[in-house]
Amino acid sequence: MQKRNATVAVIGAGDYIGGEIAKKFASQGFTIFAGRRDGAKLEPLVKDIREAGGEIHSRSLDARKEDEIISFLGDADKHAPLEVCIFNIGANVNFPIVETTERVFRKVWEMACYSGFLAGREAARLMLPRGKGNIFFTGATASLRGGSGYAAFASAKFGLRAVAQATARELGPKNIHVAHLIIDSGVDTEWVRQRRIEALGPGALDNPDLLMPPSSVAESYWQLYQQPRSAWTFELEIRPFGEKW
């Protein structure tokens, strides 16, 4: 593995998508700065990356707090220039509209939209003086349409998409690649598997081609990173070939 003098920050480095993103970029020689709400849960990821010869720094991170985002990305950039910032916080909930409390709606917006704005802004502040960088945001089907029970989640994801698009229009001409990755399917996680079984019955998992492996999401982010600036993608939709859309 050839080490690079650059860091990749993963905000929302969970057990599935975020962890796979961190592993992918670490395998390509980048130093990883990984943050999630409960930093202790990052220990298995840290172990995996270090055993594979990679470098990773982890910490607890509440992405809704401006000072924590500033400190997290600032420390990454001090270690080595921040090359990629990936915002990967989900906050997926489903409640009937009359059961969606003010607290739920506000918290989901803070997690999935407001914190994305903070991450994008602070990454831009670090990248602009160098005139290069990459800021990527994880979206969902809810980024494009509001399904039944998803008023809180869809509104936050719609908002994040708008933040990403406005940022891309502003920063693209300044040589900073901003992209929004829409995952238009369920991702193969334990939580999604249980949700599908509850909704569709014991046969819900019979077709393995309907859930997206987290490693496939990581590969898509790697492909975005590798794009030449003469052909940048702003929005990339990915789904398994068996998914109806």
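Looking at Lys107, Lys132, which one is under 21 Å from Gln223 (Cα atoms) and over 17 Å from the mean Cα position of the chain (by Cα)?
Values: Lys107 fails: under 21 Å from Gln223 (Cα atoms).
Selected residue: Lys132, the only one of Lys107, Lys132 that is under 21 Å from Gln223 (Cα atoms) and over 17 Å from the mean Cα position of the chain (by Cα).
With Gly149, Gly120, Gly133, Gly139 as the choices, which residue is at positive phi, crowded, with 21+ Cβ neighbours inside 10 Å and at pLDDT 95 or above? Quick ask: steps written out before the conclusion?
Values: Gly149 fails: crowded, with 21+ Cβ neighbours inside 10 Å; Gly120 fails: at positive phi; Gly139 fails: at positive phi.
The unique qualifying residue is Gly133.
Evaluate the following for Ser60: is it over 24 Å from Thr189 (Cβ atoms) and at pLDDT 95 or above? So that I can check it myself, show each step before the final result.
Working: over 24 Å from Thr189 (Cβ atoms): no; at pLDDT 95 or above: yes.
So Ser60 fails the test.
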Query - Conditions (1) under 30 Å from Asn175 (Cβ atoms); (2) over 15 Å from the mean Cα position of the chain (by Cα); (3) assigned to a helix (DSSP H, G or I); (4) of a type outside the set (A, V, I, L, M, F, W, C); number of the one not met by Thr233 - result: (3)
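Tell me, please, whether a residue that is charged (D, E, K, R), open to solvent by less than 40 Å² (accessible area, probe 1.4 Å) and assigned to a helix (DSSP H, G or I) can be found in segment 154-163.
At the first step, the residues of segment 154-163 found to be charged (D, E, K, R) are 157, 161.
Going one step further and asking which of them are open to solvent by less than 40 Å² (accessible area, probe 1.4 Å), we end up with 157.
Okay, now just the ones that are also assigned to a helix (DSSP H, G or I), so 157.
Yes.
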Query raised in the report: Which members of segment 1-54 meet the condition of being of a type in the set (S, T, N, Q) and over 19 Å from Asp77 (Cα atoms)?
Result: Gln2, Ser27
Query raised in the report: In this structure, does Gly172 turn out to be surrounded by fewer than 20 Cβ atoms within 10 Å (Cβ to Cβ), over 19 Å from Val10 (Cβ atoms) and out of contact with any strand residue (DSSP E or B) (no Cβ under 7 Å at 6 or more places or on another chain)?
Result: no
Query raised in the report: Mind checking whether some residue in segment 186-209 is more than 25 Å from Val8 (Cβ to Cβ), in a strand (DSSP E or B) and open to solvent by less than 60 Å² (accessible area, probe 1.4 Å)?
Result: yes
Query - Wholly enclosed strands (runs of 3 or more DSSP E) of segment 1-107 bearing at least 1 residues surrounded by fewer than 24 Cβ atoms within 10 Å (Cβ to Cβ) and in contact with a His (Cβ under 8 Å, 6 or more places away or on another chain) - result: 31-36, 55-60
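Name the residue, out of Ala218, Ala231, that is out of contact with any helix residue (DSSP H, G or I) (no Cβ under 8 Å at 6 or more places or on another chain) and among the small types (Gly, Ala, Ser).
Values: Ala218 fails: out of contact with any helix residue (DSSP H, G or I) (no Cβ under 8 Å at 6 or more places or on another chain).
On inspection, the qualifying residue turns out to be Ala231.
Taking segment 22-59 as the region of interest, how many residues are touching a residue at least 60 places away in the same chain (Cβ under 8 Å) and over 18 Å from Trp222 (Cβ atoms)? Walk me through it before giving the result.
First, the residues of segment 22-59 that are touching a residue at least 60 places away in the same chain (Cβ under 8 Å): 23-25, 28.
Still in the running and over 18 Å from Trp222 (Cβ atoms): none.
Final tally of qualifying residues: 0.
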Query - Qualifying positions in segment 216-231 - in contact (Cβ under 8 Å) with a residue 60 or more places away in the chain and surrounded by 16 or more Cβ atoms within 10 Å (Cβ to Cβ) - result: Val217, Ala218, Tyr221, Leu224, Tyr225
Query raised in the report: Among Gly139, Gly172, which is the only one that is of a type in the set (Gly, Ala, Ser), within 24 Å of Cys85 (Cβ to Cβ) and outside any helix (DSSP H, G or I)?
Result: Gly139
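The values are calculated or read from the model by the stated rules, or taken from the named source; none is laboratory data. The model shown is predicted, which means the values in this text are computed figures rather than measured ones. Every residue, glycine among them, receives a Cβ derived from its backbone with ideal geometry; neighbour counts consider all protein chains shown. Remember, those area values only see protein heavy atoms, side chains included, never the ligands or the DNA or RNA. Shrake-Rupley method; radii C 1.70, N 1.55, O 1.52, S 1.80 Å.
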